[in-house]
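Working notes, structure below.
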Amino acid sequence: MNYRNLLNDEQYQAVVCTDGPVLVSAGAGSGKTRLLTYRVAYLITECGVPADKILAITFTNKAAGEMKDRIRKIAPDGDLVTVCTFHSFCARMLRKYSSFLKDYRENFTIYSENDVAKLQKDIFKQMNIAEESTKSNFKHNLSMLKNENMTIDEYARIFNYDRDINDFVKFYRLYQGEMQKNNAMDFDDLLINFYNLIYENQDVLDSIQNKYTYFSVDEFQDTNKIQYDIIKLLAGKTNNLLIVGDEDQSIYGWRGANINNIFNFTHDFKDVKIFKLEQNYRSTKKILDRANLIIKNNKNRLDKKLFTENGDGTDVFYYQAMNESDEADFVVQNIIRKHVSGVPYNEIAILMRLNALSRTFEEKLLTYNIPHIMYNGFKFFERAEIKNVLAYLTAIVNPSDDISFTRIINFPKRGIGDTSIEKLTEIATRNRTSLKAAVMNYEQEILPKALKDKLKELKDLLTDLEKNIDQMGMYDYFTYMLEKANILKTFDLDNEQDYERFLNVNSLVNSVKEFEENNPDASILDYLESVTLSTAMDSDDGNGVVIATVHGAKGLEFDTVFIVGCEEKIFPISRDDSEDLEEERRLMYVAITRAKNDLILTSSSSRFMYGKREYCVKSRFLYELELIKDRQINSRYNSYNNNYNYSNKKGDNMNTLQSNNNQSFNYTFNKDTIEKKSIDFSKVKLGAKVVHPKFGEGEIVEITPNSSNHCVKIKFDVVGEKMLSLDYAPIEFKE
């Protein structure tokens, strides 16, 4: 096999450097997987290393499977190479050397996330911990403690100032005690217990080191401390360790990944040889120029600059929308143009920092009958917090719906546990009534006083909500319900996942507001019906436009990428800590380098957030990308002096973007291949009947004058009123 012809020069130099510690800093799209697989093949075919002496660590089972397949095809005995994740390798070794374990037996169970959640729920109940923020902190601290390879005593000593430290120590001991009693390990335990096994038992470590003499670890920037400690021990005898990673793509600090592991590697191992893969095979030159511009502002990185032999490509564009609806209109209409020009839907992605932004894009894609996929996540109305909030409305308008009532009976947490709900269900069954009726008539039953007190609180809430439902408009009632039920206060805004849930609920508030504005005579039941029917219609065949967070899109690539929501407090999320800001910048770098040919960034001048419409500050990253002229950063560091121009009308700026010199121009694709729908304008009139493939039959109730996209408002029988562009909407006129 001629490796020189199969690899570029830098890849080749890294492949043939087989002995001793090697660091490969692999830029986005630079062919690191190719390097890893050919290095294994080179060890086998050119160096005579037995295949079963090689251990290759990947970060996902999917990556491990792909790497195994590649190795089998290019190397003899390739199937004997051990290719697996950290967790699967640790589990395998723990079972093999189980006789050395102090607290576990060979047939230990590995608990799934659901198993862990159930056990932790029981412990919180036992400890009378009801605050969601406390639960969230304890779960986070438990994982951090294990990822950092700390004992509980060390943790308690370091964080002795924490007012909850004693409760956390108790929680930890109860949790680990139950795990050991059940002969079970969670994912973190697999790493901790394996590290302790090889650290405390030299015979076991010797056995594994004799088994494997060559090691490689992919995605090294995503390793945590315990994983780094494990690989240091395993490779400590031969030092034949290759690590491949990109500090510029380290975006999982919130779950324990330690970017400093890359830099520590060069200090902990002697005579480390460093190679940089800077040639990108994915993106055009103009896209890479922007990627280099943004990432050079980070200090904690190895100096490298991506380049490509691909063509220059089209300019990277930026569009400032008036609001989130205008932003979604712009993105979706240009998706249509891209698709008409020959780009498959699954080669187009809408990437965002927070999944709370997805709703408007999902609704616009549905409106224009464009298939779409929520990658690595739930569609908006399928998220648990959204279902829980909507269940309140359902419980008020349909008191017989036990499924919805079960969702709200302990949301937010009010101390009514599963046992109490089972008791209430028994009462409802015995009395042949609904679960809600059982709660509303709780005084008639023999129940513990503590439960009766909690049921009184719930009954008073429901009585108040029922009394006020006809006293105010839909939006006002919805916000009143959120406040009265203390729903928004359940979210810990210092926790990123809770913060996203909080923003999701705020996006739901905007959904209600938009529906009421478009359907002033509609009821809450109409809104719920619209949501249910739209969600049911919203299916895909796995071959649609991808909607994803940047975290979810890592490792993927697309012909065309839209990066939306480029505003302060969104992208980046407002941060005071410079390390957090550097991770936000790495996220933007990852988002940019997903694009192969076309990259468009958008922001909104205003956005409905926190229950009101707020003006938005353009993301500092737009300035760093030189898509907007530089502005003076003020003393608060995370704000930019910014002048807004709200004079543009939606119809005029729908298809306008700004270049890096702030001049406007039309963003168009190949005009020869784009044909807008042929419109018979004699049929476009008030009262005209139309049919939409998703929404069914409707009637034109408003025509926007002088609209460049021929916008009309249509009142559909089942989903209410929608504003559509006749140029793109898949509607037919009824005769």
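Restricting to region 132-151, name every residue that is free of Cβ contacts under 8 Å to residues at least 40 places away in the same chain and open to solvent by 60 Å² or more (accessible area, probe 1.4 Å).
Selection gives Lys139, Thr151.
Select, from Ile386, Ile403, the only residue that is over 21 Å from Ile731 (Cα atoms) and within 20 Å of the chain's Cα centre (by Cα).
Every option except Ile386 fails the conditions.
Looking at region 432-485 only, could you name the residues that are aliphatic (A, V, I, L, M), assigned to a helix (DSSP H, G or I) and under 16 Å from Ala391 (Cβ atoms)?
Those that are aliphatic (A, V, I, L, M), assigned to a helix (DSSP H, G or I) and under 16 Å from Ala391 (Cβ atoms): Leu435, Val439, Leu458, Leu461, Leu462, Leu465, Met481, Leu482.
Looking at region 56-75, which of the residues that are in contact (Cβ under 8 Å) with a residue 24 or more places away in the chain and closer than 20 Å to Tyr12 by Cα is most open to solvent (accessible area, probe 1.4 Å)?
Looking at residues that are in contact (Cβ under 8 Å) with a residue 24 or more places away in the chain and closer than 20 Å to Tyr12 by Cα, I get Arg70.
What number goes with the only condition from (1) open to solvent by 80 Å² or more (accessible area, probe 1.4 Å); (2) of a type outside the set (A, V, I, L, M, F, W, C); (3) touching an Asp or Glu at 6+ places or on another chain (Cβ under 7 Å) that Thr419 does not pass?
(3)
Would you pick out the residues in region 90-107 that are touching a strand residue (DSSP E or B) at 6+ places or on another chain (Cβ under 9 Å) and not in a helix (DSSP H, G or I)?
Answer for region 90-107, where residues must be touching a strand residue (DSSP E or B) at 6+ places or on another chain (Cβ under 9 Å) and not in a helix (DSSP H, G or I): just Tyr104.
Taking into account only those residues within region 436-478 that are among the aromatic types (Phe, Trp, Tyr) and under 16 Å from Thr394 (Cβ atoms), which is surrounded by the fewest Cβ atoms within 10 Å (Cβ to Cβ)?
Only one residue tops the list, namely Tyr477.
Can you name every residue in region 38-55 that is outside any helix (DSSP H, G or I) and surrounded by 13 or more Cβ atoms within 10 Å (Cβ to Cβ)?
Once the filter is applied, which keeps residues that are outside any helix (DSSP H, G or I) and surrounded by 13 or more Cβ atoms within 10 Å (Cβ to Cβ), region 38-55 yields Glu46, Val49, Pro50, Ile54, Leu55.
Could you list, in sequence order, all residues of region 258-282 that are among the aliphatic types (A, V, I, L, M) and open to solvent by less than 30 Å² (accessible area, probe 1.4 Å)?
Correct list: Ile259, Ile262, Leu277.
Anything in region 511-524 that is of a type outside the set (Gly, Ala, Ser) and touching a Gly at 6+ places or on another chain (Cβ under 9 Å)? List them, or say none.
Of everything in region 511-524, those that are of a type outside the set (Gly, Ala, Ser) and touching a Gly at 6+ places or on another chain (Cβ under 9 Å) turn out to be Phe515, Glu516, Asn518, Asn519, Pro520.
Can you name the condition, by its number, that Lys305 falls short on among (1) surrounded by fewer than 22 Cβ atoms within 10 Å (Cβ to Cβ); (2) over 30 Å from Asp248 (Cβ atoms)?
The number of the failed condition is (2).
Based on what the data block shows, is Ser98 more than 35 Å from the chain's Cα centre (by Cα) and hydroxyl-bearing (Ser, Thr, Tyr)?
yes
Of everything in region 120-175, what is in contact with an Asp or Glu (Cβ under 8 Å, 6 or more places away or on another chain), in a helix (DSSP H, G or I) and polar (S, T, N, Q)? Give them in sequence order.
Across region 120-175, the qualifying residues are Ser133, Thr134, Ser136, Asn137, Ser143, Asn147.
Okay, residues lined up against (1) charged (D, E, K, R); (2) part of a loop (DSSP other than H, G, I, E, B); (3) under 26 Å from Asp315 (Cα atoms):
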{"position": "Phe571", "(1), (2), (3)": "no, yes, yes"}
{"position": "Leu581", "(1), (2), (3)": "no, no, no"}
{"position": "Tyr589", "(1), (2), (3)": "no, no, yes"}
{"position": "Lys596", "(1), (2), (3)": "yes, no, yes"}
{"position": "Leu599", "(1), (2), (3)": "no, no, yes"}
{"position": "Leu622", "(1), (2), (3)": "no, no, yes"}
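Quick one: is Arg34 in contact with a helix residue (DSSP H, G or I) (Cβ under 9 Å, 6 or more places away or on another chain), of a type in the set (D, E, K, R) and surrounded by fewer than 22 Cβ atoms within 10 Å (Cβ to Cβ)?
yes
For the structure I just gave you, tell me whether Gly20 is in a loop (DSSP other than H, G, I, E, B), among the small types (Gly, Ala, Ser) and open to solvent by 20 Å² or more (accessible area, probe 1.4 Å).
It is false that Gly20 is in a loop (DSSP other than H, G, I, E, B), among the small types (Gly, Ala, Ser) and open to solvent by 20 Å² or more (accessible area, probe 1.4 Å).
Collect the residues in region 64-89 that are of a type in the set (D, E, K, R) and either touching a strand residue (DSSP E or B) at 6+ places or on another chain (Cβ under 6 Å) or part of a helix (DSSP H, G or I) (or both), keeping them in residue-number order.
Glu66, Lys68, Asp69, Arg70, Arg72, Lys73, Asp79
Could you say whether any residue in region 200-209 is in a helix (DSSP H, G or I) and in contact with a Gly (Cβ under 6 Å, 6 or more places away or on another chain)?
no
How do the pairs read when you match residues in region 95-121 that are without any contact (Cβ under 8 Å) to a residue 24 or more places away in the chain with residues anywhere that are basic (Lys, Arg), using Cβ under 8 Å and keeping only pairs 6 or more apart or on different chains?
Ser98/Arg105; Glu106/Arg95
Scan Leu447, Leu435, Leu424, Leu451 and give me the residue that is under 30 Å from Asn506 (Cβ atoms) and not acidic (Asp, Glu).
Leu435
Out of region 152-185, which residues are open to solvent by less than 40 Å² (accessible area, probe 1.4 Å), without any contact (Cβ under 8 Å) to a residue 40 or more places away in the chain, closer than 21 Å to Glu113 by Cβ and of a type outside the set (Phe, Trp, Tyr)?
Once the filter is applied, which keeps residues that are open to solvent by less than 40 Å² (accessible area, probe 1.4 Å), without any contact (Cβ under 8 Å) to a residue 40 or more places away in the chain, closer than 21 Å to Glu113 by Cβ and of a type outside the set (Phe, Trp, Tyr), region 152-185 yields Gln176, Gly177.
Residue check, Val83 against (1) in contact with a helix residue (DSSP H, G or I) (Cβ under 9 Å, 6 or more places away or on another chain); (2) open to solvent by 20 Å² or more (accessible area, probe 1.4 Å), all met but one. Which one?
(2)
Among what's in region 230-257 and is assigned to a loop (DSSP other than H, G, I, E, B) and open to solvent by 10 Å² or more (accessible area, probe 1.4 Å), pick the residue that is farthest from Ile208 (Cα to Cα).
Among those that are assigned to a loop (DSSP other than H, G, I, E, B) and open to solvent by 10 Å² or more (accessible area, probe 1.4 Å), it is Tyr252.
Show me the helices (runs of 4 or more DSSP H) entirely contained within region 258-357 in which 3 or more residues are within 23 Å of the chain's Cα centre (by Cα) and touching a residue at least 40 places away in the same chain (Cβ under 8 Å).
Correct list: 285-295, 324-340.
Quick one: Tyr195 ticks every box in (1) buried (at least 17 other Cβ atoms within 10 Å of the Cβ); (2) closer than 25 Å to Glu496 by Cβ; (3) aromatic (Phe, Trp, Tyr) bar one, so which box is it?
Only one criterion is unmet by Tyr195, namely (2).
Look through Val343, Val316 and report the one residue that is modelled with pLDDT of 90 or more and open to solvent by 10 Å² or more (accessible area, probe 1.4 Å).
Every option except Val343 fails the conditions.
One residue is enough: does region 215-226 have a residue meeting the conditions aromatic (Phe, Trp, Tyr) and open to solvent by 10 Å² or more (accessible area, probe 1.4 Å)?
No, region 215-226 contains no residue that is aromatic (Phe, Trp, Tyr) and open to solvent by 10 Å² or more (accessible area, probe 1.4 Å).
Of these, Leu503, Leu493, which one is without any contact (Cβ under 8 Å) to a residue 24 or more places away in the chain, among the hydrophobic types (A, V, I, L, M, F, W, C) and closer than 24 Å to Ser133 by Cβ?
The match here is Leu493.
Could you please let me know if Ile251 is modelled with pLDDT under 95 and under 21 Å from Thr593 (Cβ atoms)?
So Ile251 fits the description; yes.
The values are calculated or read from the model by the stated rules, or taken from the named source; none is laboratory data. Quick caveat, the model's predicted, so the values are computed rather than measured. All Cβ positions, glycine included, derive from the backbone under ideal geometry; neighbour counts span all protein chains shown. Protein only, heavy atoms only, side chains kept; ligands, DNA and RNA dropped before computing areas. Shrake-Rupley method; radii C 1.70, N 1.55, O 1.52, S 1.80 Å.
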